[in-house]
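Report on one structure; see the data block that follows.
The values are calculated or read from the model by the stated rules, or taken from the named source; none is laboratory data. Source: prediction; values computed, not measured. Counting neighbours? That spans all protein chains shown, and the Cβs are built from the backbone with ideal geometry, glycine included. Heavy atoms of the whole protein, side chains included, go into the accessibility calculation; ligands, DNA and RNA do not. Shrake-Rupley method; radii C 1.70, N 1.55, O 1.52, S 1.80 Å.
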Amino acid sequence: MINSFDDTPKQAAELQAALDELKDVPGPLMKALQKAQDIYGWLPAPVQNKIAEYFDVPLEEIYGIATFYSQFNLNPNGKHKIGVCLGTACYVKGSGDILNALEQKLKISAGNTTQDRNFTLEATRCIGCCGLAPVLTVNGEVYGKLTVDDVDKLLSKYTD
Amino acid sequence: MKQVTLKINNVSVTVDAGTRILDAAKKAGFNIPTLCYLKDVCNEGSCRVCVVEVKGARSLVASCSAVVSEGMEVFTNTPKVINSRKKTIELILSNHKKACLMCVRNGNCELATLAQDYNCNAFEYEGVTENYDIDETPYLIRDNNKCVLCRRCVAVCNKVQGVGVIGPNKRGFATHIGCAFEQPLSATPCVACGQCITACPVGALHEKDDTDKVNALLKDTDKYVIVGTAPSVRVGLGEEFGYPIGTNVEGKMVSALKRLGFDKVFDVDMAADMTIMEEGTEFLHRLKDKTAALPMMTSCSPGWIRYMEFYYPELLPHLSTCKSPQQMFGAIMKTYYAKKYNIPLDKLAVVSIMPCVAKKTEIGREGQSAAGVPDVDVVLTTRELARLIKNQGIDFKGLADEKFDDPIGEGSTAGLLFGATGGVMEAALRTVSEVVLKKPLDKIDFKAVRGVKGIKSAKVTLDGQTIKVCVASSLSNAKKILEDIKAGKCDYHFIEIMTCPGGCVNGGGQPIQPSSVTNNVDIRALRAKAIYDADKKAPLRKSHETPAVKTLYKEFFNEPGSHRAHEILHTSYKKRNKYNS
C-alpha cells in the first residue's frame, strides 16, 4: 500500500519539481500536500510517504495533516464527479430523491467513488442557481430542473 | 538571569524570567495539577486542567504554558478555577472507558487521582463513545478507548525519540491517536522503546503482560526455571512497593525471586561483564583493522537496534556484533550451564527481568538462539515483576536481603553501571584500559561519561593513542551523531547509545511515576545515583576481574572473541523496511 507506486513518469516528475520548489520554504507540508493533490487528484499513500521522506518527517505526521483538513482526499476520485445540490431550494424541489436514486444506481453512498472509478458522487451545498432547482453538476457542468426519471439518461451519457 | 517577582495566592515569589506559572506556584508552595504537561517532553496545553486566574486576563490561563511577568497576580485555587478544573475532568471522563477496576493503572492513574481530588462525578456527562479496536503487539498494547488525547505519547515518540509512528488522526470528536493509514503499530517502524507507556497518564498504553507465562513455568514441576535480573531493575522495583525513588532493593528482589519459586536467581550484571569482554575485544580489533567500521557503536539496547535497522541500515556495520547482556545471559544458560549441570534443553526455561519492553521483541529475533532454542523464553518488565510479587502474596517489604545464587550469579559493578547512560562506556574503559596497558588503573571513575546529559564525550589515552568516546541517550540524540557519521564529521572511535533518555534506569518497563513527581524531580538521576553509590562501595568493580567471567573463559569460551564466543555471544543485523505493504 505504501511502498508500491504506480504513477506516471510525468506525475512523478511534477511532484519532484513541486517538492524541490518547497525545499527551503518554512512550514512546507500543507503546500506540498496541496500540490500533490493537484497532480494526482487525491493523496495516495506512496505520495504521502514520498513527501514524508523528502522533508524527513514521520509519515504519521503527514497522514495526521491529510486527515485533519477536509480539503484533502484520501480516496481517488472517479473520472466523472457528480455533485448533487442539497441547498434549501433544491432540496424542497426533490434533490434528496435524486441523490437517493443516484446512490442506488451507482451502488455507493455520497462521498464515495464507484468501483470502476467512473463516478464520484457528492452532496454539495447551494451552488447558486436556485432558479434551476433541483440541480446537479457533472464535472462542473450544470443540469437543472431534473426529476428522478432523468437519472438513467444522465448516467449513460458519461458511461463508455 | 533577570528575576521577576509576582504574587501567587497573595504569596510573593521571585523566579527567573521565563519561568512557567506552574513552576513559580510550586516555588510559592502551591501544587497545580497537570494532565498533558510533561517537563521537557510535552507542552501541548491541550488538557486545560492546569488553568489559573491571572488578574487582568480575559479568561483562565494554562499555567503550563503561560510564563510569569513582573507584578503578576495569580490565583490557583479560587472557586472559578476549581470549578473549571472539575468540569474539564468530568468532560474528559464523559467518553473515557471507565473500566477502572480492570485497568493496569488502577492505583496509579493520573486521571483517577484528579477525579478524586476535585470530587468529580464520573457520570455527570455521558459523551459519545467510539468503539476503537485495541492495537496489540507482542510488547505493547494501545487502547484508544481510554485515551485522553493529552499528546504525551505523541510528543515523546516524535520529539524525544525522533520516531513519530503515532500521532493525532482526523479532527474534532473523531480525533484519535493512531498510526499512518490506521495501520496497527506492528506494521510501522516502532522501535518498541515503551517511552509512550511511561508518559501516558492513564491506562491507554501498557506493556504486553507476560506474568501468566512465567506463573505457568513456575508451577510446572518439570521445568527448571532460571531468572536473571537487569542492572536497573533493582533501583526501580522498590518504587512499586512504596520505597523512595532511587532505593536499591537488590537483596529483597533476590529474596522475592527465590520465594516465587525460580530454581536459580542470577544477575544479568555478570552477562554485562561478558559483554564488556567481548565488546572491548571487538573494539581493540577494530582499532587495529584499517578496514573495520569506526566508530564502533554499542548494541545492548534493542530499541536502538530496531532504530538502526529501520532508519539507518547503511550504518549497520558500525554496530558491535555483541549480543545484549540479556541475550548473552540466556545463551550462556542454554549452552554452558545446561551442559555443565546436565539440564535437558526442553526442561530449561530462562526468564529475564528487564526495565524494557523492547527486550520482549529481542527474544524473538533471528540469531538469538545459540543452542537451537531461544536464548531467553520470557521477558518481564520491572512493573510486571512487581505485579507477580503482589499476585503471589510475597511480603516484599518484610523480606530479608538475600544474595544471588552461585556459581555464576554475581557480576561486577562495572556490569551494574549498564543501567545508567554512560555506564557501558565506563565499564568498557575500565577493562580496555587495563587489558591494553596491562597494569591496574589508578583511577577507575570516568566521570565525564556520567550524568543525564543527552550527549557526552571524553578523550582517553590508550597506549599512547588518543581515543575519543561519546555517549548518547534517546534516539533524537543518537540521530544527531548518526547524521554526523553520514556527513563524515564524526571522529569518535567508540559510541554508547541507549534508546531511553538517561539509559535503562528510565526504561519503558520501569515503574511509572505521575507527572506531579516527574515534573519536579529527575527520576533518571535519582535511580542512577543508586547505581553509582553501589559501585563506589563495591569490592568488585571491573568486568575482567569477575570470577564468573574468568571461569566461563577458562571452562568454555577459551578467550574473548574466540570462535565459540562468536557462535554463542554474537549476532547480526539486517535492514528492515519501514512499511511492509
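Looking at (1) open to solvent by 10 Å² or more (accessible area, probe 1.4 Å); (2) over 27 Å from B:Ile481 (Cα atoms); (3) charged (D, E, K, R), which is the only condition B:Asp375 fails?
All conditions pass for B:Asp375, except number (1).
I'd like to know if the range B:377-393 contains one or more residues that are at pLDDT 95 or above, assigned to a loop (DSSP other than H, G, I, E, B) and out of contact with any helix residue (DSSP H, G or I) (no Cβ under 9 Å at 6 or more places or on another chain).
There is at least one residue in the range B:377-393 that is at pLDDT 95 or above, assigned to a loop (DSSP other than H, G, I, E, B) and out of contact with any helix residue (DSSP H, G or I) (no Cβ under 9 Å at 6 or more places or on another chain).
Given the conditions (1) away from every other protein chain (no Cβ under 14 Å); (2) under 20 Å from the mean Cα position of the chain (by Cα); (3) open to solvent by 60 Å² or more (accessible area, probe 1.4 Å), report the number of the one that B:Asp117 does not fulfil.
(2)
I'd like the full set of residues that are charged (D, E, K, R) and at pLDDT below 90, limited to the range A:123-142. First the steps, then the outcome.
Step one: filter the range A:123-142 for residues charged (D, E, K, R), giving A:125, A:141.
Within the range A:123-142, A:Arg125 is the sole residue that qualifies.
Of all residues in the range B:120-133, how many are open to solvent by less than 80 Å² (accessible area, probe 1.4 Å) and among the hydrophobic types (A, V, I, L, M, F, W, C)?
Here the count works out to 2.
Inspect the range A:94-111 for any residue being assigned by TED's automatic domain parsing to the domain that holds A:Lys153, at pLDDT below 95, assigned to a strand (DSSP E or B) and over 15 Å from A:Leu155 (Cβ atoms) and give the result as yes or no.
no
Has the range A:50-63 got any residue that is within 26 Å of A:Ile108 (Cα to Cα) and surrounded by 18 or more Cβ atoms within 10 Å (Cβ to Cβ)? If you could, list the steps in order and put the result at the bottom.
Narrowing the range A:50-63 to residues within 26 Å of A:Ile108 (Cα to Cα): A:63.
So of that shortlist, the ones also surrounded by 18 or more Cβ atoms within 10 Å (Cβ to Cβ) come out as A:63.
Within the range A:50-63, one or more residues are within 26 Å of A:Ile108 (Cα to Cα) and surrounded by 18 or more Cβ atoms within 10 Å (Cβ to Cβ).
Kindly indicate whether any position in the range B:96-113 is out of contact with any strand residue (DSSP E or B) (no Cβ under 7 Å at 6 or more places or on another chain) and over 26 Å from B:His176 (Cα atoms). Please lay out each step first, then the result.
Within the range B:96-113, the first condition is being out of contact with any strand residue (DSSP E or B) (no Cβ under 7 Å at 6 or more places or on another chain), and the residues that meet it are B:96-103, B:105-113.
Pick out the ones that are also over 26 Å from B:His176 (Cα atoms) and you get none.
No, every residue in the range B:96-113 fails to be out of contact with any strand residue (DSSP E or B) (no Cβ under 7 Å at 6 or more places or on another chain) and over 26 Å from B:His176 (Cα atoms).
Results for (1) out of contact with any helix residue (DSSP H, G or I) (no Cβ under 7 Å at 6 or more places or on another chain); (2) of a type in the set (Gly, Ala, Ser), shown as yes or no for each residue.
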position: B:Ile32; (1), (2): no, no
position: B:Asp40; (1), (2): yes, no
position: B:Gly45; (1), (2): yes, yes
position: B:Val54; (1), (2): yes, no
position: B:Arg58; (1), (2): yes, no
position: B:Ser63; (1), (2): no, yes
position: B:Ser69; (1), (2): yes, yes
position: B:Asn77; (1), (2): yes, no
position: B:Val81; (1), (2): yes, no
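Would you pick out the residues in the range B:183-195 that are part of a helix (DSSP H, G or I) and within 13 Å of another protein chain (Cβ to nearest Cβ)?
B:Leu185, B:Ala187
Can we say B:Lys439 is part of a loop (DSSP other than H, G, I, E, B) and either outside the structural domain of B:Leu416 (by TED's automatic domain parsing) or charged (D, E, K, R) (or both)?
So B:Lys439 passes the test.
Please indicate, with yes or no, whether at least one residue in the range B:509-516 is surrounded by fewer than 16 Cβ atoms within 10 Å (Cβ to Cβ) and within 14 Å of chain A (Cβ to nearest Cβ).
No, because not a single residue in the range B:509-516 is surrounded by fewer than 16 Cβ atoms within 10 Å (Cβ to Cβ) and within 14 Å of chain A (Cβ to nearest Cβ).
Within the range B:131-182, considering only strands (runs of 3 or more DSSP E) that don't extend past its boundaries, which have at least 2 residues that are within 12 Å of another protein chain (Cβ to nearest Cβ) and either hydrophobic (A, V, I, L, M, F, W, C) or without any contact (Cβ under 8 Å) to a residue 24 or more places away in the chain (or both)?
By residue number, B:167-169.
Tell me which residues, restricted to the range B:65-85, are part of a loop (DSSP other than H, G, I, E, B), open to solvent by less than 50 Å² (accessible area, probe 1.4 Å) and touching an Asp or Glu at 6+ places or on another chain (Cβ under 9 Å).
Across the range B:65-85, the qualifying residues are B:Val68, B:Thr76, B:Thr78.
Considering only the range A:74-105, state which residues are open to solvent by 40 Å² or more (accessible area, probe 1.4 Å) and under 19 Å from the mean Cα position of the chain (by Cα).
Of everything in the range A:74-105, those that are open to solvent by 40 Å² or more (accessible area, probe 1.4 Å) and under 19 Å from the mean Cα position of the chain (by Cα) turn out to be A:Leu74, A:Asn75, A:Asn77, A:Lys79, A:Lys81, A:Leu86, A:Glu103.
Would you check which residues across the range B:323-358 are in a helix (DSSP H, G or I), free of Cβ contacts under 8 Å to residues at least 60 places away in the same chain and more than 16 Å from B:Val227 (Cβ to Cβ) and list them?
Result: B:Lys339, single match.
Among residues belonging to the range B:418-477 that are on the phi > 0 side of the Ramachandran plot and small (Gly, Ala, Ser), point out the one that is surrounded by the fewest Cβ atoms within 10 Å (Cβ to Cβ).
Among residues in the range B:418-477 that are on the phi > 0 side of the Ramachandran plot and small (Gly, Ala, Ser), the one surrounded by the fewest Cβ atoms within 10 Å (Cβ to Cβ) is B:Gly464.
Output the residue which, of all residues in the range B:46-64 that are assigned to a loop (DSSP other than H, G, I, E, B) and farther than 22 Å from B:Leu93 by Cβ, is least open to solvent (accessible area, probe 1.4 Å). Quick ask: steps written out before the conclusion?
Taking the range B:46-64 first, the residues assigned to a loop (DSSP other than H, G, I, E, B) are B:46-50, B:55-60, B:63-64.
When the remaining residues are screened for being farther than 22 Å from B:Leu93 by Cβ, the result is B:55-59.
On the way: B:Lys55: 140, B:Gly56: 82, B:Ala57: 45, B:Arg58: 233, B:Ser59: 75 Å².
Out of the qualifying residues, it is B:Ala57.
Would it be correct to say that A:Pro44 is over 17 Å from B:Val165 (Cα atoms) and within 11 Å of chain B (Cβ to nearest Cβ)?
Details: over 17 Å from B:Val165 (Cα atoms): yes; within 11 Å of chain B (Cβ to nearest Cβ): yes.
Here the answer is yes, as A:Pro44 does meet what is asked.
Checking B:Asp40 against (1) over 30 Å from B:Gly502 (Cα atoms); (2) surrounded by fewer than 17 Cβ atoms within 10 Å (Cβ to Cβ); (3) of a type outside the set (Ser, Thr, Tyr), which test does it fail?
(1)
Just to be sure I understand, how many residues within the range B:474-516 are more than 16 Å from B:Arg306 (Cβ to Cβ) and outside any helix (DSSP H, G or I)?
Here the count works out to 18.
I'm checking my understanding of the structure. Among residues of the range B:192-232 that are over 17 Å from B:Gly303 (Cα atoms) and among the acidic types (Asp, Glu), which one is surrounded by the most Cβ atoms within 10 Å (Cβ to Cβ)?
B:Asp210
Within the range B:324-342, identify whether any single residue is at positive phi, in the same structural domain as B:Ala428 (by TED's automatic domain parsing) and open to solvent by 10 Å² or more (accessible area, probe 1.4 Å), and answer yes or no.
Applying the first criterion (at positive phi) to the range B:324-342 yields B:342.
Okay, now just the ones that are also in the same structural domain as B:Ala428 (by TED's automatic domain parsing), so B:342.
Going one step further and asking which of them are open to solvent by 10 Å² or more (accessible area, probe 1.4 Å), we end up with B:342.
Yes, some residue in the range B:324-342 is at positive phi, in the same structural domain as B:Ala428 (by TED's automatic domain parsing) and open to solvent by 10 Å² or more (accessible area, probe 1.4 Å).
So, in the range B:86-111, exactly how many residues are hydroxyl-bearing (Ser, Thr, Tyr) and either in contact with a Leu (Cβ under 9 Å, 6 or more places away or on another chain) or open to solvent by 30 Å² or more (accessible area, probe 1.4 Å) (or both)?
1
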